[in-house]
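**Student:** I am attaching a structure below and will ask some questions about it afterwards.
The values are calculated or read from the model by the stated rules, or taken from the named source; none is laboratory data. Just so you know, these numbers come straight off a predicted model, no measurement behind them. Don't worry about glycine lacking a Cβ; one is built from the backbone with ideal geometry, like all the others, and counts go over all protein chains shown. Side chains included, ligands, DNA and RNA excluded: accessible areas come from the protein's heavy atoms. Shrake-Rupley method; radii C 1.70, N 1.55, O 1.52, S 1.80 Å.
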Amino acid sequence: MADRDQAWRDAVQYVAIDMCTIFKSAIRRVQPQATLVVDHFHLVQLANQTLTEVRRQVTVTHRGRRGRKGNREWELRNRPTRSAARMRGSTSTLSSTSCPTCPG
């Protein structure tokens with residue numbers, strides 16, 4: 001950023017970062033006018049980690065132990081992170097016409 005001229009730096013409106021406070025403070029120091037946005041990957045990663053932690057806590061509370069094969073919540077544990085192709089393959093009732101956002 002220091003290599004760029006002041007006009008270029010003043011024109012920056014948005015800066016995409018991961019959720020690290022070090023990046024936030026560095027951008028705030030050199031680009032105080034810029035709006036910070038979190039990149040998609042790290043936002044989804046945090047949501048998946050949070051969902052996994054909640055699932056684990058609920059399983060322990062409900063069953064008094066960790067999940068095991070054969071428990072429905074254990075079987076569904078990776079569903080949010082499966083690829084779209086694998087998820088579409090498991091739902092044969094959906095067609096490309098009933099799901100406008102699904103390719104194919």
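**Student:** Restricting attention to the range 27-41, and to residues there that are part of a helix (DSSP H, G or I) and exposed (fewer than 12 other Cβ atoms within 10 Å of the Cβ), which single residue is farthest from the chain's Cα centre (by Cα)?
**Tutor:** Residue satisfying both the conditions and the ranking: Arg29.
**Student:** Just checking, which of Arg88, Arg56, Arg65 is surrounded by fewer than 10 Cβ atoms within 10 Å (Cβ to Cβ), among the charged types (D, E, K, R) and modelled with pLDDT under 85?
**Tutor:** Criteria check complete, one pass: Arg65.
**Student:** Name the pairs: first residue in the range 1-29 and under 30 Å from Leu46 (Cβ atoms) and at pLDDT 85 or above, second residue among the charged types (D, E, K, R) and open to solvent by 90 Å² or more (accessible area, probe 1.4 Å), Cβ to Cβ under 8 Å, at least 6 apart or on different chains?
**Tutor:** Ile17/Lys24
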